[in-house]
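Peer 1: One structure, pasted below without further comment.
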Amino acid sequence: MNRWDADNESVAETPDLAALAALLADRTRAAICMALLDGGAWTAGELAEYAAVAPSTTTEHLNLLVSGGLLAEERQGRRRYVRLAGPDTAETLENLAGLAPYRQVPIRSLAEANQRRALHHARTCYDHIAGALGVAIVEAMTERGLLARDYGLVLTGAGAQWLTALGIPDAGPSAAHRAHVRTCLDWTVRRQHLSGAVGAALYRHALDRGWIVKAHATRILNLTETGRAAFRAQLALPDAALFPSLTFSPPRGWPPRG
């Protein structure tokens with residue numbers, strides 16, 4: 001009978017889900033990751049101000065997030081910038097947020113309430129459109145036969161023609177092997193919005209054509225009148241999807257019970 005030779009012990013790799021969960025278990029680190037879903041690069045000082053913690057504390061958190069693979073860093077002279085490690089990281093964070101329970105946060109002013117409504121309506125999720133607008137786009141594209149559900153969403157032939165007519169080249173898999181069509185579970189609407197290469201291409205087109213304008217220092221996307229007209233014409237989006245709601249309560253029946 002063969003016996004295990006302890007002197008020749010080998011090792012195998014297995015995903016350490018607990019280590020990833022530990023990184024996000026701290027609310028400051030989680031808040032930093034959610035802020036970076038704007039797709040930009042932030043300095044430690046900017047993130048310290050955003051998270052309302054000391055710069056030294058922020059640096060400790062950033063070091064953990066970089067070493068854990070959630071963030072990437074780059075240096076320009078003496079400045080250190082951090083960003084999400086990539087689109088897969090962004091989609092993972094948004095999906096986790098979509099599964100997370102809600103918690104109560106105080107709203108202290110009308111301006112803060114308006115900002116939260118705007119965030120729920122339309123925002124960036126790294127490099128694609130999220131919020132009620134992003135969900136409405138997926139549902140309208142599916143209803144019009146531009147997307148089809150076949151073990152997940154796929155772009156149809158009609159969808160490829162629609163992109164071409166808009167002036168968007170059909171964004172096939174990239175050199176980095178990015179998925180053609182993917183979805184994220186939207187954390188505010190609890191339904192799917194469009195990500196992947198097609199979602200990113202549609203976001204860039206809307207930004208370049210002035211359909212949407214990114215608010216300064218936030219993930220909020222503001223729809224312009226040109227954008228509302230374009231989304232009405234192209235996807236027949238109703239006004240309910242084109243304007244922020246007066247409320248931002250969780251979807252009815254969430255979280256599910258049982």
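The values are calculated or read from the model by the stated rules, or taken from the named source; none is laboratory data. Model, not experiment: these values are computed from the prediction. Methodologically, a virtual Cβ is constructed for each residue, glycine included, from the backbone with ideal geometry; neighbour enumeration extends over all protein chains shown. Surface accessibility is based on the protein's heavy atoms, side chains included, excluding ligands, DNA and RNA. Shrake-Rupley method; radii C 1.70, N 1.55, O 1.52, S 1.80 Å.
Peer 1: Is it the case that region 206-224 has a residue that's farther than 27 Å from Leu99 by Cβ, of a type outside the set (Asp, Glu) and part of a helix (DSSP H, G or I)?
Peer 2: yes
Peer 1: Let me ask something else. Glu94 - would you say it is touching a Phe, Trp or Tyr at 6+ places or on another chain (Cβ under 8 Å) and either of a type outside the set (Phe, Trp, Tyr) or closer than 20 Å to Ala25 by Cα (or both)?
Peer 2: Answer is yes for this residue.
Peer 1: Moving to a separate point now. Looking only at region 139-167, count how many residues are surrounded by fewer than 22 Cβ atoms within 10 Å (Cβ to Cβ), under 29 Å from Arg83 (Cβ atoms) and either among the basic types (Lys, Arg) or modelled with pLDDT of 95 or more (or both).
Peer 2: Of the residues in that region, 0 qualify.
Peer 1: Next up: Determine whether Ala240 is of a type in the set (A, V, I, L, M, F, W, C), assigned to a loop (DSSP other than H, G, I, E, B) and at pLDDT below 95.
Peer 2: Considered against the rule, which asks whether it is of a type in the set (A, V, I, L, M, F, W, C), assigned to a loop (DSSP other than H, G, I, E, B) and at pLDDT below 95, Ala240 comes out as no.
Peer 1: Which residue pairs have Cβ atoms closer than 7 Å, lie 6 or more positions apart in sequence or on different chains, and pair a first residue in region 54-70 that is more than 10 Å from Ile32 (Cβ to Cβ) with a second residue that is part of a loop (DSSP other than H, G, I, E, B)?
Peer 2: Gly69/Ala85
Peer 1: Evaluate the following for Thr188: is it at pLDDT below 90 and in a strand (DSSP E or B)?
Peer 2: Values: at pLDDT below 90: yes; in a strand (DSSP E or B): no.
The answer is no for Thr188.
Peer 1: Another question, if that's okay. Does at least one position in region 31-44 carry a residue that is under 29 Å from Val198 (Cβ atoms), in a helix (DSSP H, G or I) and acidic (Asp, Glu)?
Peer 2: So far as region 31-44 goes, yes, one or more of its residues are under 29 Å from Val198 (Cβ atoms), in a helix (DSSP H, G or I) and acidic (Asp, Glu).
Peer 1: Has region 100-111 got any residue that is touching a residue at least 24 places away in the same chain (Cβ under 8 Å) and over 16 Å from the mean Cα position of the chain (by Cα)?
Peer 2: Scanning region 100-111 turns up at least one residue that is touching a residue at least 24 places away in the same chain (Cβ under 8 Å) and over 16 Å from the mean Cα position of the chain (by Cα).
Peer 1: Can you tell me which residue is nearest to Gly167 (Cα to Cα) among those in region 219-230 that are open to solvent by less than 30 Å² (accessible area, probe 1.4 Å) and within 21 Å of the chain's Cα centre (by Cα)?
Peer 2: Gly227
Peer 1: For region 85-121, give me each residue that is open to solvent by 50 Å² or more (accessible area, probe 1.4 Å) and in contact with a helix residue (DSSP H, G or I) (Cβ under 6 Å, 6 or more places away or on another chain).
Peer 2: Ile107
Peer 1: Just checking, does region 111-126 include any residue being of a type in the set (Lys, Arg) and assigned to a helix (DSSP H, G or I)?
Peer 2: Yes, region 111-126 has at least one match.
Peer 1: Please determine, by comparing only the residues of region 197-209 that are open to solvent by 30 Å² or more (accessible area, probe 1.4 Å) and not hydrophobic (A, V, I, L, M, F, W, C), which one is nearest to Leu146 (Cα to Cα).
Peer 2: Arg204
Peer 1: Let me spell it out: the conditions are (1) among the hydroxyl-bearing types (Ser, Thr, Tyr); (2) surrounded by 17 or more Cβ atoms within 10 Å (Cβ to Cβ); (3) closer than 30 Å to Val181 by Cα, and Tyr81 meets all of them except one. Which number is the exception?
Peer 2: (2)
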